[in-house]
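Visitor: Quick one: this structure, given as structure tokens, is what I'll be asking you about.
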Amino acid sequence: MSPRTRSYRGGVLDAEGFPIAEISDHLQDPSAVVWFDLCTPSADELAAVSEELGLHPLAIEDALHEHQRPKLDRYTSHLFLTSYAVGLDTESGELTVCEVDAFVTDRALVTVRKDERFDIDAVVARWDGSADLAKYGVGFLVHGLVDYVVDTHFEAVQALDDAIENLEDSLFVDRPRDRAVQRRTFELRKSLVLLRRVVLPMREVVNSLLRRDLGIVDEAMTPYYQDVYDHVLRATEWTESLRDLVTTILETHLTLQSNRLNVIMKQVTSWAAIIAVPTAVTGFYGQNVPFPGFGHPIGFWTSAIIMVTLSVGLFWMFRRRDWI
């Protein structure tokens, strides 16, 4: 997949789709800011970019390896940003994670995607939707990238909240599906743990971008970054509360299962007591010795009346106590 490129000159989109080799030509203009995107680049491609922009070897190494922690590393000539966009499959409850790295210099932003699932078009759409802020240079580009990533976190948290709310409703249905509830609970809990790993560090990342000594965020862009920071805090707090809620749901589910088992055992015991009465009476009248009414119809009717009376009496008593 060919890399995507853009050049802003004087706060206006000047060119796009040009080869990476022409980056240095565009940067000769002091008012120019460039962006280009690489998807699953090779080591040679990143080495060529490093020669163009003077990137640190450790940052290049991190960009080549996956599963980096969300972070913002500071080097002499640039910053290295790692973040993750996420998405939730509402059917399976599985959370998909897409890593994106970024090299940030004074006048260039390089995004490195680990796979094509990261929607870079959505980031470009954000830049185009606020083109009046392009005059603030790299800070404008980084804001569009980070804002999109944080919004995916927020959308995933909201989707998880809806899924957990549906899970709460399924606990108290007339015919609960215990195995389905347990499986769904563990799936959502697993997704929450993964989401927490990518959401919590973003608070530190955005807070670091706001530092004045980095010189990335212009004073006019500060309110926009503070808005992103507010979204990060809300997503973080929401994730923590949902994790506690899932734990509570699991505990409630186990408690309800225990209560249902107690009710079932009570009902079974009550029916066993009712059945035991006719068994005892028929056992008595089934003795091979003479007893009152032996050999006469009155003996049969007496035993039948005793069985029916005691069984109905026990049923009425258990029903009154809500044991049946």
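Visitor: Expected output is a single nm value to one decimal: the length gained when fully extending between residue 131 and residue 233, i.e. 0.36 nm times separation in residues minus the C-alpha distance. What is it?
Guide: So the extension gain works out to 34.1 nm.
Visitor: Additional query: Mind checking the dipole of the chain: about its Cα centre, +1 per Lys or Arg Cβ, -1 per Asp or Glu Cβ, Debye to the nearest 20?
Guide: 2720 debye
Visitor: OK, next. In whole Å, what are the extents of the stretch 1-120 along the principal axes defined by its C-alpha atoms, from largest to smallest?
Guide: Rounded to whole Å, the extents work out to 50, 29, 23 Å.
Visitor: Within a Cβ distance under 11 Å of residue 97, other residues only, what is the Lys/Arg minus Asp/Glu net charge?
Guide: On the way: positive: 114, 117, 197; negative: 66, 94, 99, 115.
Net charge around residue 97: -1.
Visitor: With springs connecting C-alpha atoms under 10 Å apart, model the chain as a Gaussian network and identify which of 215, 93, 137 has the largest mean-square fluctuation.
Guide: 215
Visitor: Among 108, 159, 48, whose mean-square fluctuation peaks in a Gaussian network model of the chain (Cα, cutoff 10 Å)?
Guide: Maximum fluctuation in the GNM of the chain, among the listed residues, is at 48.
Visitor: If I stretch the segment between residue 74 and residue 40 completely, what's the gain in nm (0.36 nm per residue apart, minus their alpha carbon distance), one decimal?
Guide: Residue separation times 0.36 nm, minus the Cα-Cα distance, leaves 9.9 nm.
Visitor: Tell me, what are the semi-axes, in whole angstrom and largest first, of the equivalent ellipsoid of the chain as set by the roots of 5 times the Cα gyration tensor eigenvalues?
Guide: Rounded to whole Å, the semi-axes are 74, 18, 14.
Visitor: With springs only between Cα atoms under 10 Å apart, run a GNM on the chain and tell me which of 144, 87, 17 wobbles the most.
Guide: With Cα springs under 10 Å in the chain, the top fluctuation among 144, 87, 17 is at 17.
Visitor: Now for a different question. Which whole-Hz ³J(HN,Hα) couplings does the stretch 113-128 yield from phi under the Karplus relation 6.51 cos²θ - 1.76 cosθ + 1.60, θ = phi - 60°, glycine and proline marked x?
Guide: Computed from phi, the couplings for the stretch 113-128 are 9, 7, 7, 7, 5, 5, 7, 6, 4, 5, 5, 4, 5, 5, 5, 5 Hz.
Visitor: Each residue of the stretch 229-242 in turn: what ³J(HN,Hα) in whole Hz from Karplus with 6.51, -1.76, 1.60 and θ = phi - 60°, glycine and Pro shown as x?
Guide: Going residue by residue, I get 4, 4, 5, 4, 4, 5, 5, 5, 5, 5, 4, 4, 5, 5 Hz, with x marking Gly and Pro.
Visitor: Ok, one more. Which residue, chosen from 90, 68, 103, occupies the Cα position most advanced towards the positive end of the dipole of the chain, where the dipole is computed from +1 (Lys, Arg) and -1 (Asp, Glu) charges on Cβ about the Cα centre?
Guide: Comparing the listed Cα positions along the dipole, 90 ranks first.
None of the figures in this text is laboratory data; all of them are computed from the coordinates on show. Note that this is a predicted model, so its numbers are computed, not measured. Note that each Cβ is placed from the backbone with ideal geometry, even for glycine, and that neighbours are counted across all protein chains shown.
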